[in-house]
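One structure is given here, and the rest of the page talks about it.
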Amino acid sequence: MVLLKKLNPRKDVTKKYKKWMNDKEVHKFSAQKLKKHTLSTISKYVNSMNSSKNEILLGIFIKIDNKLSHIGNIKIGPINFFYKTAYISYFIGEKNLWKKGYGTQAIKEAIKIAKKKKIRKLKAGFVEINPGSKRVLEKNGFKKEGTLKSEEEHNKKRYNAYIYGKAL
């Protein structure tokens, strides 16, 4: 069972979180890998997201040994309030918990939150060499809406990126 909750910069920004943010494998398909993260920069980011009017950053938590454990993040935004659309992005930082369904559950919970915020459509993107994201999105009813040809470079090779969407 996954719980999504607003991150507390003092309690939730930990050495473990910093390790995820600087782990090239965790962020190999994300622009996050282009930056060096510190506890200070992560705290500033969490604070800015917590005060944002058009982005919602939530921690992904599960119970381990009867205690809530932060295992990743999910973000809804930016939100376009005129069109009632938003992007969704996510990661599971704990690599030993990959392929256990937590990303799928987190998106399912984020969809509920988006509906409460009157968002009518969610969009997400991923690169073709990331089949895990494709599975997570498809399990939540997202459908392919577009292909960005030769959009991203990984290991000196160009790959397509896909845009998936889901009407709520």
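The values are calculated or read from the model by the stated rules, or taken from the named source; none is laboratory data. Just so we're clear, the structure is a prediction, and the values are computed from it rather than from any experiment. Cβ: placed from backbone, ideal geometry, glycine included. Neighbour counts: every protein chain shown.
Assorted remarks:
- Meets criteria (under 17 Å from the mean Cα position of the chain (by Cα), surrounded by 14 or more Cβ atoms within 10 Å (Cβ to Cβ) and under 14 Å from LEU4 (Cβ atoms)) for ALA114: yes
- Residues of the stretch 39-71 satisfying the condition of being within 24 Å of GLY125 (Cβ to Cβ) and either basic (Lys, Arg) or touching a residue at least 40 places away in the same chain (Cβ under 8 Å) (or both): MET49, LYS53, ILE56, LEU57, LEU58, GLY59, ILE60
- Hits in the stretch 2-26 - residues which are touching a strand residue (DSSP E or B) at 6+ places or on another chain (Cβ under 7 Å) and either in a loop (DSSP other than H, G, I, E, B) or of a type in the set (S, T, N, Q) (or both): LEU7, ASP12, VAL26
- Within the stretch 72-91, the set of residues being touching a residue at least 40 places away in the same chain (Cβ under 8 Å) and β-branched (Val, Ile, Thr) comprises ILE74, ILE76, ILE79.
- Residues (more than 16 Å from the chain's Cα centre (by Cα), modelled with pLDDT of 95 or more and under 20 Å from ALA110 (Cβ atoms)) located in the stretch 16-63: SER48, SER51, SER52, LYS53
- Restricted to the stretch 64-81, and to residues there that are over 14 Å from the mean Cα position of the chain (by Cα) and not charged (D, E, K, R), the residue that is surrounded by the fewest Cβ atoms within 10 Å (Cβ to Cβ) is ASN66.
- Among the numbered conditions (1) assigned to a helix (DSSP H, G or I); (2) touching a helix residue (DSSP H, G or I) at 6+ places or on another chain (Cβ under 9 Å), the only one that SER48 does not meet is (2).
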